Structure formats: C-alpha cells, structure tokens
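Undergrad: The structure that follows is given in the form of structure tokens.
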Amino acid sequence: MAASLRLLGAASGLRYWSRRLRPAAGSFAAVASKTPVGFIGLGNMGNPMAKNLMKHGYPLIIYDVFPDACKEFQDAGEQVVSSPADVAEKADRIITMLPTSINAIEAYSGANGILKKVKKGSLLIDSSTIDPAVSKELAKEVEKMGAVFMDAPVSGGVGAARSGNLTFMVGGVEDEFAAAQELLGCMGSNVVYCGAVGTGQAAKICNNMLLAISMIGTAEAMNLGIRLGLDPKLLAKILNMSSGRCWSSDTYNPVPGVMDGVPSANNYQGGFGTTLMAKDLGLAQDSATSTKSPILLGSLAHQIYRMMCAKGYSKKDFSSVFQFLREEETF
C-alpha cells in the first residue's frame with residue numbers, strides 16, 4: 001500500500017485521457033466494474049454527474065445535506081443514506097461534489113464524515129473546487145486510513161455536466177489515475193492528470209480566474225456596444241468571428257436574448273452561482289498571495305463579484321455581471 005500511495009509530483013508529466021480513447025459505449029459498459037459508487041453532494045453540478053454514473057450502470061449510495069435533493073434518486077431505486085460515514089461503510093469508491101473547503105472538511109473529517117468508516121483501499125475522489133492546501137491535508141488524513149484521495153475539480157458548467165462532457169483536472173497518486181478514469185470518464189469527455197494532490201485544484205483555480213475575467217470583459221464589451229446602438233445578436237456574431245471570441249461570448253453569452261439554453265436566457269437562474277465564483281476568486285487571491293504572484297485583473301474580478309454578492313446577485317449565475325453593469329451607473 002505504501003508504494004501505491006507514493007505521491008508523484010507535477011514534474012512526472014501530464015497524462016491526458018479523452019473520450020476519443022474510450023471504448024464504444026457498449027464495450028465500455030461491458031468492462032466497467034458495476035460495484036456501488038458513493039456520491040456525496042447533489043447540487044447543480046453533482047445531480048447531473050450522479051445521473052451520468054447511473055446511465056453507465058453504476059448503483060449509487062447517495063447522501064446530501066438536503067434530503068429533498070436525494071428524492072429523485074431514491075425514486076429511481078438508488079440507495080440513500082443518512083451521513084457521509086454511511087456512504088463510506090457501503091462503498092469503496094466515493095465521489096464528493098461540495099461547494100466550499102469547509103463543506104469538504106466536514107464531509108471527510110466531521111463527526112459523521114467519510115473517515116469514520118472508510119475502508120482500507122478505498123478510492124476517494126473530490127470534485128469540489130477548494131483550497132489546494134485543504135486537498136493536501138485531506139489526502140494526508142485519508143492516507144493514514146489506508147485509502148487513496150484524489151482531487152478532481154471540473155470545468156464546463158451545468159450544461160457539460162448534463163451531457164457528460166465535463167473536463168476533470170486530476171491530482172493524486174499517478175498509479176491510481178486509471179481507476180479514477182473509469183468513473184470520471186462516465187461524467188466527462190476529458191480527464192487530465194495534473195500531478196500530485198492539489199495540482200488539480202491549482203489548474204481549476206487558474207481556469208476560473210480567467211473565466212471570471214473573460215466574462216466581465218464580454219459583459220463590458222456587449223454593454224458598450226448596445227449603448228452605442230448595436231444589436232446585441234449582431235455584436236455577438238461579430239465578436240465570435242473576430243479576435244475577441246471566447247467561451248463567455250460564444251457558448252455562455254451573458255446578454256439575455258442572444259443565446260438559448262444559457263442562464264442569461266432564464267433570468268440568470270441555474271448555472272454557476274455568483275457566490276461560488278467569488279469563492280473561487282478568493283482561492284485564487286490566497287494562492288497568489290502565498291506564491292507572490294501578481295494577479296491584477298484577478299483581484300479586480302474578485303472585488304466585482306464580491307460587490308455583486310453584496311448587492312443581491314449572490315444566487316444568480318455569474319454571467320449576471322452583465323445585468324450588474326447595466327444597473328450600476330457609478331462605474
């Protein structure tokens with residue numbers, strides 16, 4: 001076990017797996033082990049992720065702090081338990097998808113946490129976006145129990161979670177990556193090995209900082225163009241065939257009426273909440289401070305999203321920064 005738990009650093013290289021390398025759907029289902037998988041955290045992202053595991057034939061052991069979140073899974077015949085410890089007692093492969101570092105610590109190390117009943121040899125995959133230092137500490141505690149911890153935060157949003165096209169950034173024991181792939185590949189089209197525990201979180205924090213900056217930039221550009229008399233759909237079309245094109249403009253446009261199937265078309269409901277973006281930018285800020293890295297735009301984005309939370313946008317999707325800019329005349 002000691003050898004299998006040896007942590008290999010980021011210098012060991014990058015390993016990448018994509019759906020292009022997967023067996024066909026039928027053969028994948030045939031070779032995959034169908035022992036139960038624990039799933040903790042059934043929010044906007046966790047719910048569709050768990051459903052994709054179900055679609056691939058995995059029986060689930062489910063827990064969420066809000067019992068109502070478990071009802072549709074229970075109705076579908078999945079087993080619902082009353083604590084993370086109960087999940088660990090019944091499953092030796094567990095995925096957690098939680099909002100914050102505090103939630104993750106409670107789920108793993110709390111009075112009724114996973115570590116109270118975790119089995120030796122268990123594989124614990126945390127897809128939450130949390131502080132890399134917390135991931136490292138959790139990994140140490142898990143290792144003491146003879147189990148394996150990997151951080152595997154995701155990118156792609158609710159739409160990709162529903163379609164099974166998430167990108168997973170994985171940090172942990174390299175020898176265990178193949179075992180993690182088996183499960184993560186049911187929920188994502190890209191699974192990338194980043195290095196030792198915490199490097200998955202590092203990649204996610206960098207990605208979300210850039211996403212926040214680009215969303216604010218897209219919102220500002222769209223707002224300026226509209227106020228200059230441009231039709232928003234026309235402006236978006238031009239941006240998306242020009243050098244300003246980015247994911248925030250062509251896939252997740254923040255302007256109501258420009259795109260269907262995105263939060264801006266639904267009063268900014270669903271998707272990735274402003275509170276969570278502010279939280280992730282706080283993680284980026286902390287990491288920048290600890291590494292003495294200048295993040296001038298990242299820090300400004302953090303301030304903007306914190307301001308939005310204070311002004312009633314906390315439960316809206318982070319693309320509501322467009323609405324915030326339209327309503328604020330003080331900038």
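The values are calculated or read from the model by the stated rules, or taken from the named source; none is laboratory data. Every value quoted in this text rests on a predicted model; they were computed, and no experiment measured them. Counting neighbours? That spans all protein chains shown, and the Cβs are built from the backbone with ideal geometry, glycine included. The protein model used for the area step is the full one, side chains on, heavy atoms only, and it has no ligands, DNA or RNA in it. Shrake-Rupley method; radii C 1.70, N 1.55, O 1.52, S 1.80 Å.
Undergrad: Please verify whether G244 is in a loop (DSSP other than H, G, I, E, B), surrounded by fewer than 20 Cβ atoms within 10 Å (Cβ to Cβ), more than 23 Å from the chain's Cα centre (by Cα) and of a type outside the set (K, R), treating the condition exactly as stated.
TA: So G244 passes the test.
Undergrad: Next question. Just to check your reading of the model, which residue among R227, R306 is more than 23 Å from T129 (Cβ to Cβ), basic (K, R) and either open to solvent by 40 Å² or more (accessible area, probe 1.4 Å) or under 22 Å from the mean Cα position of the chain (by Cα) (or both)?
TA: Sole residue among the options that is more than 23 Å from T129 (Cβ to Cβ), basic (K, R) and either open to solvent by 40 Å² or more (accessible area, probe 1.4 Å) or under 22 Å from the mean Cα position of the chain (by Cα) (or both): R227.
Undergrad: Go through the stretch 62-79 and give me each residue that's farther than 19 Å from A111 by Cα, of a type outside the set (G, A, S) and buried (at least 17 other Cβ atoms within 10 Å of the Cβ).
TA: C70, F73, E78, Q79
Undergrad: Quick check on this structure: which one of D286, D280, D260 is open to solvent by 40 Å² or more (accessible area, probe 1.4 Å) and in a helix (DSSP H, G or I)?
TA: Criteria check complete, one pass: D286.
Undergrad: Next up: Search the stretch 187-238 for residues being of a type in the set (S, T, N, Q) and part of a helix (DSSP H, G or I), and hand back the single one that is farthest from M259 (Cα to Cα).
TA: T199
Undergrad: Here is a follow-up. Does the stretch 98-108 contain any residue that is open to solvent by 40 Å² or more (accessible area, probe 1.4 Å), farther than 21 Å from D286 by Cα, among the hydroxyl-bearing types (S, T, Y) and in a helix (DSSP H, G or I)?
TA: Checking the stretch 98-108: not a single residue is open to solvent by 40 Å² or more (accessible area, probe 1.4 Å), farther than 21 Å from D286 by Cα, among the hydroxyl-bearing types (S, T, Y) and in a helix (DSSP H, G or I).
Undergrad: If you go through the stretch 193-224 one residue at a time, how many are out of contact with any Leu (no Cβ under 9 Å at 6 or more places or on another chain) and open to solvent by less than 10 Å² (accessible area, probe 1.4 Å)?
TA: Adding up the residues that qualify gives 3.
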